[in-house]
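Just below is one structure, and these are the notes that go with it.
The values are calculated or read from the model by the stated rules, or taken from the named source; none is laboratory data. Given the structure is predicted, the values throughout are model-derived calculations rather than measurements. Glycine gets a Cβ as well: all are built from the backbone with ideal geometry, and neighbour counts include every protein chain shown. Heavy atoms of the whole protein, side chains included, go into the accessibility calculation; ligands, DNA and RNA do not. Shrake-Rupley method; radii C 1.70, N 1.55, O 1.52, S 1.80 Å.
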Amino acid sequence: MSLFSVRMRSSREEQGTPVHISGVERIVAETDLERVAATFVQRAMQHKNGTPDFVNLSIERVCPEEIMSLEALPIQTCDVEDVEEGHRAAHHLLCEAGVSSESANFAIALLKAGPAPGGRVMRGAVLLDAEQPIRMEPDPHRGVRVSKLDWEPSVLESWCNGIGHLGIARPRVWEAIALASKVTAQPEVIAELCWSDDQSYITGYVASQQFGYVRVTHLKPLGSLIGGRVFFIRAGTDIQSLISRLEKQPALVDRLPTRPY
Ligand code: WAQ
Ligand code: MG
Ligand code: MG
Ligand code: MG
C-alpha cells in the first residue's frame, strides 16, 4: 500500500505580509488521497479566523521504511478558572519538566503577544533554549513546521473508543497529541507549550515525555486570534538536524500509552 504525506497551509496578505490562517498535515493511503485533500480545501476555505487568499496543498510519497513509530502521549486535564491561573499552571508544569523559570515566562509572554515580528502568528513553532530565553529557529516569521505525521487508523480508533467518555475524541485534540508525541519523542526536546490561534478555542497544553500531554483549560482569552507553539530544547542542540527530523521524517502514532490516561 502506498502512503502519502498530505499538507495544507493557508494565509492572507495583510499590509504586504502573508499572515498564517491555518494548516494541517496527515499521512494517508493512496486510496484516501482525494477525499482527504477535499477536506483540507474545505478546512482552508471555511476557517473561522478568515478566508485565505493563498492555499498551498502538497502531496508527497512517504517511504514506509523511514516511518518512525510513536507512542501516544498519555492525556490529563488541568482545570483552571482563568488565563492567569492557566499561565501559572503552564509555568509550573514547564519548570517541573526541566525548563528554566526564565524560559517558561518568556515563552508564555511570547505566545500572549504573538510570536512573529509585529505580534503576528507564525506558521510553525518557536524553538527556545530551555535554560536561557534565546530563540533558536532560523526564521522568526515562519518558525518550524512539524510535518509528515498522523495516527495509524486502527490505533486512533482504539484511542477514540478509550477516551470517548471524556468528550475529547475530536480531530483538534488527536492532531495535537500526534504532534506533541512526535515533538517530545525527539531527544533534544524537553517540553512543548501550545495554545491555538483559533479565536474560539482557549484550551492549550504542556507536553513532555515525563508528564505526557497535559491540557490546560484556559490559556488565552476567548476571541483572541493569537496563539502558537514553543518547543523547549536542550542547550547545545544541533538545530539543523532537529529541524530536519521535525519537518521531514515521517512518523505514525501506532501505540497507545502504556501508562493510564
Ligand atoms: N508545526 C509547528 N507548529 C504548528 C503546527 C505544526 N504542524 N501546527 C500549528 N502550529 C503552530 C502555529 O504557530 C499555530 O499558529 C499554532 O501552533 C496553533 O495551531 O483540547 O488547535 O492548530 O487538547 O490553532 C491544543 C489543545 C489545540 C487541544 C491546538 O492549535 C485540546 C490548536 P492550532
Ligand atoms: Mg492544528
Ligand atoms: Mg524528548
Ligand atoms: Mg489554528
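Pulled fully out, how much extra length does the chain show between Phe211 and Glu60, if you take 0.36 nm times their separation in residues and subtract their Cα-Cα distance?
51.0 nm
Ignoring any ligand, DNA or RNA, what whole percent of the accessible area of the stretch 1-116 comes from carbon and sulfur when the probe is 1.4 angstrom?
48
For the stretch 3-66, report the accessible area per residue in Å² (1.4 Å probe, heavy atoms, rounded to an integer).
58
Mind checking which of Glu192, Glu66, Glu152 has the largest fluctuation in a GNM of the chain, springs on alpha carbons under 10 Å?
In the Gaussian network model the winner is Glu66.
How big is the charge dipole of the stretch 58-144 about its Cα centre, in debye rounded to the nearest 20, if each Lys and Arg gets +1 on its Cβ and each Asp and Glu gets -1 on its Cβ?
It comes to approximately 460 debye.
Compute the convex hull volume of the Cα atoms of the chain, divide it by the residue count, and report the result per residue in Å³ as a whole number.
In the chain, the Cα convex hull volume per residue is 124 Å³.
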